[in-house]
Amino acid sequence: MEEINVGIVGLGWVAGAHIHAFNEIPGVRVTAVSSRRELDEVQLTAQYGTPIKVFRDYNAMLQDPSISVIDICTPHPFHPEQAIAAAKAGKHLIIEKPISITHADALRMRKAIYEAGVQACVCFEVRFSQQATMIRSAIDEGLLGALHYGEVDYYHGIGPWYGQFPWNVKKDMGASSLLTAGCHAMDLLLMFMDSEVEEVTSLSNRSSNPTFSPYEYDTTLITLLKFKNGKIGKVASVVDCLQPYYFHIHLVGSEGSMLDNRIYSAKLKGMSKQRWSTLETGLIDSGDVADHPYVPQFQAFVDSLRKSEKMPLTDFDTAFESHRVVFAADLSAAEKRTVKMSELEK
């Protein structure tokens, strides 16, 4: 089995979680990092348990023929140019969300990836969580029947206690409530609803608490979605709440409903419709990247590289469509009107 070497650009909190995930996958090693900071190779090797070379020049890392995958863990606005450069250098890609903060940049990234013929994985890793896997299985087994309504909501107060707060508050860095974090909820709703979005209508506002006053954009946004097959849905992204982290999921179908990890299904004879039945699983209940399911996601990506196949669930095309809906939602909130998906190039 040929070893896959990974180079990471941007060595912060999320990159550390990525390195620990790769350390659990046979035949994969993080061998290099590129950072603007002064880093000690001996210290990094001791910290992460694998030899790591440090590049101050990103382009120099791209020219290293031993590296086949570039993992982009920098702040949001840097993703497009770094991904395009890596694709042109023939490197496969792992891109932290969001892939970009504009639709135009996302299109440029897709063009570069297509032209280079490389594979790309986008870190919508929540799709690989136990809870999302369990819910998808319940849908596929027909326990909920035909879904006609779904809502997935993201509640995570990102304040000064959170590492990315100083740059996340800036419009040209964090960009929007959805792009900076709530896109996970939007992406998961799209995974469950099995239909293209036809149009979106969004409203936004912000908390009056001074803690969140540094934000240069509205930190609460709610989006109503109309799907082409007649389904409807809702996504709330709230990064200015004072409460425990909560990833809310409620799906309603012709044979039952799912509320987080609780279910009622008319397909299961003898269930009481007066009480929810709990399905034990690993919940999506933390904003700490150390708790994110990177291992199964990266394993799926590595497997796809070895088979020369597109990876499941979080390939670039799938993630691009989720981002396109996010861009439409942000446009709707900004212009205070319903936005049809046909307005944004596919």
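The values are calculated or read from the model by the stated rules, or taken from the named source; none is laboratory data. If you're wondering where the values come from, they're calculated on a predicted model, not measured in any experiment. Here the Cβ is made from the backbone with ideal geometry for all residues, glycine too, and neighbour counts use every protein chain on show.
Answer with yes or no whether residue 146 is assigned by TED's automatic domain parsing to the domain that holds residue 328 and either under 16 Å from the mean Cα position of the chain (by Cα) or not small (Gly, Ala, Ser) (or both). So residue 146 does not fit the description; no.
Quick check, is residue 254 in contact with a His (Cβ under 9 Å, 6 or more places away or on another chain), polar (S, T, N, Q) and either surrounded by 15 or more Cβ atoms within 10 Å (Cβ to Cβ) or over 20 Å from residue 159 (Cβ atoms) (or both)? In short, yes. Among all residues of region 103-116, there is none that is in contact (Cβ under 8 Å) with a residue 24 or more places away in the chain, assigned to a loop (DSSP other than H, G, I, E, B) and closer than 23 Å to residue 289 by Cβ. Looking across region 139-175, the residues that are touching a Phe, Trp or Tyr at 6+ places or on another chain (Cβ under 9 Å) and either within 20 Å of residue 15 (Cα to Cα) or charged (D, E, K, R) (or both) come down to 153, 158, 163, 164, 168, 170, 171, 173, 174. If you go through region 281-320 and keep only what is outside any loop (DSSP other than H, G, I, E, B), within 25 Å of residue 245 (Cβ to Cβ) and acidic (Asp, Glu), you end up with just 291. Considering every residue within region 27-50, establish whether at least one is part of a loop (DSSP other than H, G, I, E, B) and either surrounded by 22 or more Cβ atoms within 10 Å (Cβ to Cβ) or assigned by TED's automatic domain parsing to the domain that holds residue 167 (or both). No, the conditions are met nowhere in region 27-50. Screening 299, 274 for residues that are assigned by TED's automatic domain parsing to the domain that holds residue 28 and more than 30 Å from residue 171 (Cα to Cα) leaves exactly one candidate, 299.
Total residues in region 251-283 satisfying the condition of being over 20 Å from residue 186 (Cα atoms), polar (S, T, N, Q) and in contact (Cβ under 8 Å) with a residue 24 or more places away in the chain: the figure is 3.
For region 74-101, a residue qualifies if it is assigned to a loop (DSSP other than H, G, I, E, B) and either acidic (Asp, Glu) or under 19 Å from the mean Cα position of the chain (by Cα) (or both), and the qualifying residues are 74, 75, 96, 97, 98, 99, 100, 101. Among the residues of region 147-165, those that are part of a loop (DSSP other than H, G, I, E, B) and over 18 Å from residue 260 (Cα atoms) comprise 157, 158, 159, 160, 161, 162, 163, 164.
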